[in-house]
Amino acid sequence: MKKLLLLVSTLLLSAALFAADPAAGLWKSIDDKTGEVTAIWRIYEEGGKLFGTIAATTNDPQDVIASACKDSYKGFPVAGAVNKMKTVGTPWIFNMEKESEGNWKNGNIIDPSNGKMYGCVIKYLNKGEKNKKYTATEPTLAMAGTVGPIQVFQYWVPATEADIKAAQEKNPPKNK
């Protein structure tokens, strides 16, 4: 009986240690001005760092190339010419360092529509939590592009695989 209890305790502790960070998952980026969804993102942890790829675009074909980007960026995690990469599937958020559960800093985000790279801060907010003047009405990612001490936040909301599928159907690849 003691061995069974020890085994169960070990399994529960292991599950808690390897539980995904709350920032990881599918998220809809929301345009500050229009309130429209701009993309569906897949945020994931790899090698102790946080990354994010666009899983589906909402206004462009799924195979659009990020031609506004530069050829390369310092610390970019994928080899090759960035300005020849697809918007979907490329890690535009990269090398985020964990500050605490759900809070990440010291990484970068590239806007594939204009090629600008910013510092990045990510804060996971539970329903009711505040960030600046914003109060989360549901689980939310407070995403900040940073330039020096200036942080400009966007607030991203949960997405689903169905959201990805709908965006892919609405904006299929141009070159099938």
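With the highest mean first, a sort of the peptides 91-97, 146-152 on other beta-carbon atoms found within 10 angstrom per residue produces 91-97, 146-152.
Ranked by the mean number of other Cβ atoms within 10 Å per residue, highest first, peptides 40-46, 78-84, 27-33 order as 40-46, 27-33, 78-84.
On a per residue basis, the chain carries 59 Å² of accessible surface, using protein heavy atoms and a 1.4 Å probe. Partner aspartates and glutamates whose Cα lies under 15 Å from the Cα of residue 123, excluding those fewer than 8 positions away in the same chain, are identified as 21, 45, 97, 99, 101, 138. Across the range 111-176, the volume of the C-alpha convex hull divided among the residues equals 121 Å³ per residue. With a threshold of 22 Å on the Cα-Cα distance, the over-threshold entries among 105/170; 86/116; 84/174 are 105/170.
Over all directions, the projected convex hull of the C-alpha atoms in the chain averages 13.1 nm² in area.
DSSP assigns beta bridges within the range 46-176; of those with both partners inside it, close to 95 percent run antiparallel. Can you check what the net charge comes to around residue 121, using other residues whose Cβ is under 9 Å from the Cβ of residue 121 (Lys, Arg +1; Asp, Glu -1)? Around residue 121, the charge tally is +1. Diffusion of the range 16-80 by Stokes-Einstein, at 25 °C in a medium of 0.890 mPa s and with Rh set to the Kirkwood radius over alpha-carbon pairs, works out to 174 µm²/s. Summarising the label geometry, the points placed 7 Å from Cα in the beta-carbon direction at residue 72 and residue 162 lie 4.5 nm from one another.
The values are calculated or read from the model by the stated rules, or taken from the named source; none is laboratory data. As the structure is a prediction and not an experimental result, all values here were calculated from the model. Positions of Cβ are backbone-derived with ideal geometry, glycine not excepted, and every protein chain shown enters the neighbour counts. Side chains are part of the model used for accessible areas, which takes the heavy atoms of the whole protein and leaves out ligands, DNA and RNA. Shrake-Rupley method; radii C 1.70, N 1.55, O 1.52, S 1.80 Å.
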